[in-house]
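Take a look at the structure below.
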Amino acid sequence: QVQLVESGGGLVQPGGSLRLSCAASGSIFSVNSMGWYRQAPGKQREPVAAITGGGSRNYADSVKGRFTISRDNAKNTVYLQMNSLKPEDTAVYYCRWVVDNRSYWGQGTQVTVSS
């Protein structure tokens with residue numbers, strides 16, 4: 001089993017920045033990928049960014065150039081640096097790890113972009 005704990009959400013003004021963290025614990029042997037998703041009110045959960053075990057990164061078109069996903073293998077932590085935030089980035093953000101081909105989700109952290 002793998003447990004994920006997210007942190008770093010909050011309220012920020014448009015144009016501001018936040019960094020989300022997702023720390024994993026438990027039986028972590030082979031990490032296939034790590035990623036961030038978000039779900040806005042009334043909308044489906046959507047992928048935001050992902051990084052594979054080999055280090056390849058992918059981003060949703062809506063966040064390219066503004067968000068950066070990174071990882072610290074020693075800390076079993078994945079980060080999402082979010083810059084130039086917009087009101088439409090408001091959502092609950094979830095991290096997802098695929099470990100040994102099994103999917104695990106964090107509990108979610110609220111990000112609100114508003115003046």
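Which value, in Å², gives the accessible area per residue of the chain when a 1.4 Å probe is used on the protein heavy atoms?
53 Å²
Ser114 to Asn32: FRET efficiency via 1/(1 + (r/R0)^6), r the Cβ-Cβ distance, R0 30 Å, to the nearest 0.05?
Efficiency at R0 = 30 Å is approximately 0.25.
Stokes-Einstein diffusion coefficient for region 1-69 at 37 °C in a medium of 0.692 mPa s, Rh from the Kirkwood formula over Cα pairs: what value in µm²/s?
Translational D for this selection: 237 µm²/s.
What ³J(HN,Hα) values, in whole Hz, does the Karplus curve 6.51 cos²θ - 1.76 cosθ + 1.60 give for region 65-79 when θ = phi - 60°, with x put for Gly and Pro?
Values, residue by residue: x, 10, 10, 9, 9, 8, 9, 10, 5, 5, 9, 6, 9, 10, 10 Hz.
Keeping the other protein chains in place, figure out the carbon and sulfur percent of the accessible area of the chain, with a 1.4 Å probe.
Carbon and sulfur together cover 45 percent of it.
If you line up the Cα atoms of region 14-115 on their principal axes, what length do they span on each, largest first, in Å?
Here the spans come out as 43, 26, 21 Å, largest first.
Once you list every other residue whose beta carbon is under 10 Å from the beta carbon of Ala23, what net charge do they have if Lys and Arg are +1 and Asp and Glu are -1?
Charge balance near Ala23 sits at -1.
How many nm is it between the label spots at Ser7 and Gln107, if each spot is 7 Å from the Cα in line with the beta carbon?
According to this spin-label approximation, the distance is 1.3 nm.
Please list Arg102, Arg38, Arg96 from largest to smallest accessible area, probe radius 1.4 Å, with all protein chains kept in place.
Result of the area sort, largest leading: Arg102, Arg96, Arg38.
The values are calculated or read from the model by the stated rules, or taken from the named source; none is laboratory data. Keep in mind it's a predicted model, so treat the numbers as computed, not measured. Note: ideal-geometry Cβ built from the backbone for every residue, glycine included; neighbour counts use all protein chains shown. The protein model used for the area step is the full one, side chains on, heavy atoms only, and it has no ligands, DNA or RNA in it. Shrake-Rupley method; radii C 1.70, N 1.55, O 1.52, S 1.80 Å.
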